[in-house]
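The values are calculated or read from the model by the stated rules, or taken from the named source; none is laboratory data. Note that this is a predicted model, so its numbers are computed, not measured. Neighbour counts are summed over all protein chains in view; Cβ atoms, including those assigned to glycine, are modelled from backbone coordinates with ideal geometry. Please note that ligands, DNA and RNA were not included when accessible areas were found on the heavy atoms of the full protein model with its side chains. Shrake-Rupley method; radii C 1.70, N 1.55, O 1.52, S 1.80 Å.
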Amino acid sequence: MQVIENSDIKTNNKKRIIKLLAKERELTKLEISRKLDISVPTVTTIVGELIEEGMVLEAGMATSTGGRKPVIIRFLPNSRFSIGLELGKEYARAVLTDLDGKIIEDKRKALDVINEDEVLDKMKCLIKEMFESNENINGKLLGIGFSLPGIVNEAELKLEIATNFKLKNLYFKEFQDYFNVPIYLENEANAGALGESKLGVAKDLTNLIYVSITEGVGAGILINESMYKGKGMRAGEIGHMTIYKNGRACNCGKRGCFETYASNRALINDYYEVTNIKTSNIGEIIEKFQRGDSSAAKVIEAYIEDLAEGIGNLNFIFNPDYIVIGGEISKYSEVFQSKLVAKIFNNNQFYNEGDVEILFSALGSDSNILGAALIPILKNFGFGKI
Ligand SMILES: [Zn+2]
């Protein structure tokens with residue numbers, strides 16, 4: 001019993017030292033000892049192990065405060081790696097990152113058809129290619145995190161359902177055996193919330209709602225720095241809250257769901273209905289609006305109104321520090337932000353503008369996939385460039 005406890009303490013101290021060095025980058029052993037209240041001999045033993053494992057190195061001497069000059073210990077962010085995968089509209093994407101969440105390689109494959117076999121096959125190919133083009137990651141890959149647009153079962157490594165992709169029961173267990181690294185699954189909005197809270201505009205915040213706008217709409221809910229997932233991991237399915245009773249038909253079978261008005265797909269369909277012009281992404285419509293296209297203006301005005309309705313509801317429920325909007329739309333915050341904020345806060349007696357900040361993701365379309373890549377890092381060391 002005593003032995004187990006001691007080894008737990010040591011593992012914990014090691015994680016704390018790695019986390020501190022990841023944040024501070026360079027420290028002496030004495031500084032580590034003082035900041036973490038761990039004895040110098042213990043710090044020396046653990047740092048010795050970290051040097052052997054290649055996670056830190058001795059990088060010259062610090063200025064002496066009297067006596068021998070102390071050695072500087074430097075953190076090496078590219079000593080371990082992580083892979084993030086994402087299933088998007090008609091594509092699968094993979095990124096390789098270092099311990100800071102910096103993207104080293106970014107690969108994408110078009111999906112010829114959307115079905116279970118095709119998705120798994122293309123994702124497997126992407127990972128294989130990542131290994132082939134980066135031989136240095138062998139033995140240094142912490143794991144692979146997946147950002148998936150639906151309800152995931154983390155324990156069974158299964159995507160249970162993704163309504164907008166008409167996918168059901170996608171099993172990732174085989175990946176774990178095939179690549180011999182840990183696999184983690186996460187819903188795309190939760191992954192986005194994680195990415196945003198560690199690397200994006202919402203760093204250092206405790207209460208955050210991340211609204212992921214892609215083919216559908218979902219939310220990642222961080223309360224006091226913990227992800228709230230709900231019973232059955234189904235919290236945050238805000239895309240299916242009703243904003244118009246008996247409104248538009250949704251892929252889920254209900255009517256009037258938020259995402260039938262606020263998703264990328266909704267904006268593209270709305271523009272088509274007004275103009276009969278097909279567009280493949282929301283950027284085309286927004287650029288038309290910026291060039292003065294009146295049909296685009298009409299469609300975007302209506303879109304903002306409905307988006308404000310849903311986001312206003314989230315504010316009433318959670319009253320968080322920040323609501324961060326992510327996805328392709330976040331690249332065009334200058335078009336949306338002020339109008340959206342005005343609509344959310346006008347005519348309500350409960351909140352004034354500024355009580356809750358409405359932000360657009362600075363990570364653009366990367367927050368979900370970066371969040372996925374952060375999962376293996378967080379599971380191993382409890383940090384991700386904090
Ligand atoms: Zn629905």
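A few notes on this one:
- Whether the stretch 201-362 is rounded, prolate or oblate, judged on the alpha carbon gyration tensor where a/c under 1.5 counts as rounded: prolate
- 5 Å binning of all Cα-Cα separations within the stretch 2-75, expressed as whole percents from 0 upward: 3, 17, 27, 27, 14, 7, 3, 1
- Cα long-axis angle, helix 2-24 against the chain (0 to 90 degrees, to the nearest 10): 70
- Between GLU129 and LYS69, the contour length at 0.36 nm per residue exceeds the Cα-Cα span by 17.0 nm.
- Taking 7 Å steps out from each Cα toward its Cβ at LYS107 and ARG255 produces label points 4.7 nm apart.
- Relative contact order (%) - criterion: Cα under 8 Å, at least six apart; region: the stretch 201-362: 23
- Share antiparallel - DSSP beta bridges, the chain, percent rounded to 5: 65
- Entry note, the stretch 318-386: relative contact order of 43 percent, from Cα contacts under 8 Å with a spacing of 6+ residues.
- Share of pairwise Cα separations in the chain, more than 36 Å, in percent: 31
- When the solvent-accessible area of the chain is split by element, carbon and sulfur atoms take up 47 percent of it, the probe being 1.4 Å.
- Take the Cα of VAL274, step 7 Å toward its Cβ, do the same at TYR171, and the gap between the two points is 4.7 nm.
- Its Cα centre serving as origin, the chain has a Cβ charge dipole (Lys and Arg +1, Asp and Glu -1) of approximately 600 debye.
- On a per residue basis, the convex hull of the C-alpha atoms belonging to the stretch 3-136 measures out at 150 Å³.
- Computed E for ILE317/LEU57 - FRET, C-beta separation, R0 51 angstrom, nearest 0.05: 0.60
- Report summary: the helix-based calculation at 222 nm, which adds -39500 (n - 2.57) for every DSSP H run with n ≥ 4 and divides by the residues of the chain, gives -13000 deg cm²/dmol.
- Its relative contact order, with pairs defined as Cα atoms under 8 Å and 6+ residues apart, puts the chain at 17 percent.
- Fraction of beta bridges assigned by DSSP in the stretch 201-362 that are antiparallel (%, nearest 5): 50
- Members of LYS254/LYS278; LYS102/LYS173; LYS23/LYS203; LYS128/LYS379; LYS107/LYS229; LYS14/LYS35 lying beyond 18 Å, as alpha-carbon distances in this model show: LYS254/LYS278; LYS102/LYS173; LYS128/LYS379; LYS107/LYS229
- Against the chain, whose longest principal axis comes from its Cα atoms, helix 333-345 is set at around 70 degrees.
- Angle of helix 294-318 to the longest C-alpha principal axis of the chain, folded into 0 to 90 degrees and rounded to 10: 50°.
- Longest segment of the chain lacking chymotrypsin sites (Phe, Trp or Tyr not before Pro) that sit in a DSSP loop with at most 16 other Cβ atoms within 10 Å: 1-227
- Sorting 16-23, 37-44 by their mean Cβ neighbour count within 10 Å, with the most densely packed peptide first, gives 16-23, 37-44.
- Those trypsin sites (Lys or Arg not before Pro) in the stretch 112-219 that DSSP places in a loop and that have at most 16 other beta carbons within 10 Å: LYS140, LYS166, LYS203
- Net +/- balance of residues flanking LYS254 in space, Cβ distance below 13 Å, scoring K and R +1, D and E -1: +1
- Accessible solvent surface per residue of the chain, calculated while the other protein chains remain in place, 1.4 angstrom probe, Å²: 47
- Which of ILE377, TYR171, GLY326, positive extreme of dipole for the chain (C-beta unit charges): ILE377
- Loop sites in the stretch 105-154: GluC sites (Glu not before Pro), DSSP, at most 15 other Cβ within 10 Å: GLU154
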